[in-house]
C-alpha cells in the first residue's frame, strides 16, 4: 500500500495554484511560449490562457508577460511573482511529500 | 491564501482508501446499516456496496459484516481490520494536515 497526496492553494474558496498550474508556468518559463507550454503539459492553448488569466485575477499579481517581436514573433516570460510562487509551491510540496511518507511508514508499516 | 490537501491510499495503482471511504465506514460503524450510512454520506446504496466490495477485494480483508435478524431485520458492522484502517487513516490525515499548515506558514507567510 502507498500513500498519495495532492496539495493546492485556495483564495476565497477558489483554487489559485496547484500541480498542473505549476507545471504550466514552469513550461512557460522554460519554453518562452504559452502555446508550446500548453502543448507540453497536455492542455489546449485556450485552457492555458484561461488558467493564467484566472490565476492573475485571483492572486491579483501579473504572472506571465507577453514579449513582442524577436525571432519567432514574440513569446511569453514569467514575472518575478510567478517565479517566487513556483519556488514556494515546489518547496511546500517537497517538504510535505517527505513528511507524508514518513508518517505513513510510522503509522501503517511499523 | 490557504493550503488545501487530499490524502488517499493506493495499492497496485488503484485507490483503496480515502476521505470519502473513511466517512462511509465510520457511518456504517455508527449506524449499523449500509443503507443509512450511504444516505448519511450522500451516496447511493449501490455505490456504497460497490465501494465496500472493491475495498475488500483490493485490500484482501473483510471490512463490513452483514448481521442477520434482530430488530429492523439485520444490519452491518465493521470488522477489526476496518476499524484499524479508519484509525490509521485518520491519524495519518491529522498529522499531515498539521505538518502542511506549519510548512505553508513557514514558506508563504514568514
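Got at least one residue in segment A:22-35 being more than 14 Å from every other protein chain (Cβ to nearest Cβ) and closer than 23 Å to residue B:101 by Cα?
Yes - at least one qualifying residue is present in segment A:22-35.
Determine which single condition residue B:105 fails, assuming it passes every other condition in (1) exposed (fewer than 12 other Cβ atoms within 10 Å of the Cβ); (2) farther than 30 Å from residue B:1 by Cα.
Exception for residue B:105: condition (2).
Quick check on my filter: what residues within segment A:81-101 are surrounded by 14 or more Cβ atoms within 10 Å (Cβ to Cβ) and either within 7 Å of chain B (Cβ to nearest Cβ) or farther than 16 Å from residue A:59 by Cβ (or both)?
A:88, A:90, A:91, A:92, A:93, A:95, A:96, A:97, A:99, A:100
Residue A:23 - would you say it is buried (at least 16 other Cβ atoms within 10 Å of the Cβ) and either within 16 Å of the chain's Cα centre (by Cα) or free of Cβ contacts under 8 Å to residues at least 60 places away in the same chain (or both)?
yes
Determine which member of the set A:61, A:3 is in a loop (DSSP other than H, G, I, E, B), touching a helix residue (DSSP H, G or I) at 6+ places or on another chain (Cβ under 8 Å) and within 14 Å of chain B (Cβ to nearest Cβ). If you could, list the steps in order and put the result at the bottom.
Details: A:3 fails: in a loop (DSSP other than H, G, I, E, B).
After ruling out the rest, the residue left standing is A:61.
Here is a yes/no grid of residues against (1) more than 11 Å from the chain's Cα centre (by Cα); (2) modelled with pLDDT of 95 or more; (3) surrounded by 14 or more Cβ atoms within 10 Å (Cβ to Cβ):
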| site | (1), (2), (3) |
| --- | --- |
| A:14 | yes, no, no |
| A:28 | no, yes, yes |
| A:43 | yes, yes, yes |
| A:50 | yes, yes, no |
| A:56 | yes, yes, yes |
| A:68 | yes, no, no |
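Anything in segment B:30-46 that is touching a helix residue (DSSP H, G or I) at 6+ places or on another chain (Cβ under 7 Å) and assigned to a helix (DSSP H, G or I)? List them, or say none.
The answer is B:31, B:34, B:35, B:37, B:38, B:40, B:41, B:45.
The values are calculated or read from the model by the stated rules, or taken from the named source; none is laboratory data. This structure is a prediction, so every number in the text was calculated from the model and none was measured. All Cβ positions, glycine included, derive from the backbone under ideal geometry; neighbour counts span all protein chains shown.
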